[in-house]
Every structure is written in structure tokens, then in C-alpha cells.
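Remarks on the structure that follows.
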Amino acid sequence: GNSVTQMEGPVTLSEEAFLTINCTYTATGYPSLFWYVQYPGEGLQLLLKATKADDKGSNKGFEATYRKETTSFHLEKGSVQVSDSAVYFCALLKAAGNKLTFGGGTRVLVKP
Amino acid sequence: GAGVSQSPSNKVTEKGKDVELRCDPISGHTALYWYRQSLGQGLEFLIYFQGNSAPDKSGLPSDRFSAERTGGSVSTLTIQRTQQEDSAVYLCASSPGGRGPDTQYFGPGTRLTVL
């Protein structure tokens with residue numbers, strides 16, 4: 001079946017550091033891939049998405065590229081801020097599917 | 001415009017009681033989803049509604065869980081005879097429901113605590 005694996009946290013960084021959160025997936029066909037973010041005390045928000053191989057999703061300085069050959073969708077940001085402290089979830093939506101399959105989430109803590 | 005809303009935001013109940021959780025999707029969205037977020041299981045799909053089609057109930061963990069969607073809009077998730085393992089945050093999401101990959105937009109969730 002479909003599955004998403006992402007690096008376990010917590011990830012603790014200093015402000016302006018480079019952030020990478022690894023995400024790999026297992027799925028048949030060509031799923032769409034998503035990163036959602038959950039800020040403290042809030043609900044899930046869509047951060048970015050990519051719907052086909054080699055697509056790059058970007059938002060708020062975050063980027064992720066859909067790599068079919070390595071079945072990966074790693075999230076990166078060049079210079080994090082304290083306000084980026086949150087839990088990040090990688091997810092896939094299989095082609096013609098209707099339910100998201102989520103990774104376990106990665107907690108990121110950015111210190112000033 | 002208004003996002004997905006859920007009520008109540010918090011619910012504390014006693015083991016064995018029934019609870020109802022409500023979800024108001026984004027206006028015009030034909031697809032509605034329920035997920036559960038718990039410490040031990042992460043984020044799990046529960047049920048999916050699309051228009052007037054029969055719902056996909058494949059994620060419901062037991063027959064104590066049921067959901068309905070009236071008039072193609074508001075949805076209610078009902079948990080009967082609650083157990084402590086039902087304690088979790090219940091998330092509702094909606095999407096436009098068109099062809100192709102659909103982005104799901106989430107509500108703030110209902111935190112259920114079963115004592």
C-alpha cells in the first residue's frame with residue numbers, strides 16, 4: 001500500500017540556519033505530493049505541493065522537488081526564522097485517489 | 001472567504017458516552033474528509049464524502065464510528081460508546097472535488113478527551 005516516511009524530529013536549529021526535512025514515499029502510479037505545516041495550537045495548513053515528477057513546489061521560502069527516481073519530496077528552506085517553528089507533515093494523494101497518506105510529522109524548533 | 005470550521009473545539013466526555021462532532025466545509029466544496037490525529041497513530045484517514053456518491057468508509061476503526069453529510073454540506077461524525085483510545089484530535093477537510101489531484105483544506109480540529 002501507500003506510505004510516507006519522513007525524518008523523525010525534533011529538529012532544533014538556530015535562526016538563519018538551513019533546514020532540510022527528508023521525505024520518501026511508496027506508492028503505485030504517480031501520486032501528488034504535499035507538505036502541510038501545523039503551527040502551535042493551530043490546524044493543518046497547506047505549505048506547498050507538486051503534482052508530477054520534477055515539479056517544484058514553493059511557498060514562504062520553502063521548496064520541495066518531486067523526484068520520481070528517488071521517490072522523494074524533501075523540504076528545504078535556506079534561512080529559517082523563529083516563526084517557522086512548527087510540525088511539518090509530508091503527504092501523498094494517489095492518482096485518482098481521495099485520501100491523503102501522511103508521514104509521521106517532523107517537529108522543528110528554531111531558536112533565536 | 002471562510003475556511004473549514006469545526007465544533008466543538010474541545011470535548012471532554014466519559015467512557016461509554018456518545019459524542020457528535022460537526023464540520024462545516026468551505027462553501028462550494030463537494031468533497032469532505034475526516035481524519036484523526038493521535039499520538040500513537042499519527043494522522044489517519046477515517047471517511048470521505050463526494051457529492052451524492054456513497055461515502056468511502058474504509059478508514060473507520062470500528063462500527064462505533066459513523067458519519068453523515070446532510071444536504072451535501074455539513075457533516076457530523078458520531079462516536080458511540082466512547083473508549084479512552086478514541087481520545088485524539090479529529091480533523092475535517094474539504095476540497096473542490098473536481099477532476100485531477102485535489103488540495104484538501106483543513107479545519108482547526110476537535111480535541112476529544114475520553115476520561
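Every number in this text was worked out from the coordinates using simple rules, so none of it is lab data. Remember, it's a predicted structure, so these values are computed and weren't measured experimentally. Heads up, the Cβs are rebuilt from the backbone with ideal geometry, glycines too, and the neighbour counts pull from every protein chain shown.
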Worksheet item: Amide H of B:ILE47: which non-local residues (sequence gap of 5 or more, or other chain) have their own amide H closer than 5 Å, using H built in the peptide plane?
Response: B:TRP34
Worksheet item: Hey, any idea what the orientation-averaged projected area of the convex hull of the stretch B:13-115's Cα atoms comes to, in nm²?
Response: 6.3
Item to complete: Determine the relative contact order of chain B: mean sequence separation of Cα pairs under 8 Å and six or more apart, normalised by residue count, in whole percent.
Response: 38
Worksheet item: For A:MET7, which sequence-distant residues (separation of 5 or more, or a different chain) have an amide H within less than 5 Å of its own amide H, given hydrogens modelled in the peptide plane?
Response: A:ASN22
Response to the item:
Given 10 °C, 1.306 mPa s and a Kirkwood radius over Cα pairs, the Stokes-Einstein diffusion coefficient of the protein assembly as shown in µm²/s is 87
Worksheet item: With chain B treated as a Gaussian network of Cα nodes joined by springs under 10 Å, which of B:ARG22, B:ARG81, B:ARG69 yields the largest mean-square fluctuation?
Response: B:ARG81
Worksheet, complete the sentence: Calc'd 3J(HN,Hα), the stretch B:74-88, phi into Karplus 6.51 cos²θ - 1.76 cosθ + 1.60 (θ = phi - 60°), Hz, glycine/Pro = x, comes to 4, 10, 10, 9, 10, 10, 9, 6, 4, 10, 4, 6, 7, 4, 4
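Determine, from the Cβ-Cβ distance of B:SER66 and A:THR5 and an R0 of 30 Å, the FRET efficiency 1/(1 + (r/R0)^6), rounded to the nearest 0.05.
Numbers: r = 32 Å, r/R0 = 1.06.
Once rounded, the FRET efficiency stands at 0.40.
R0 = 25 Å: FRET efficiency of A:GLU16 with B:THR103, Cβ-based, nearest 0.05? Provide the component values of the computation, followed by the final result.
Numbers: r = 30 Å, r/R0 = 1.22.
Between A:GLU16 and B:THR103 the formula returns 0.25.
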Worksheet item: Straight-line reach from B:LYS17: which lysines have a Cα under 26 Å away, not including same-chain ones fewer than 8 places off?
Response: B:LYS57
Discussion item. Can you give me the convex hull volume of the Cα atoms of chain A, divided per residue and expressed in Å³?
Written reply: 91
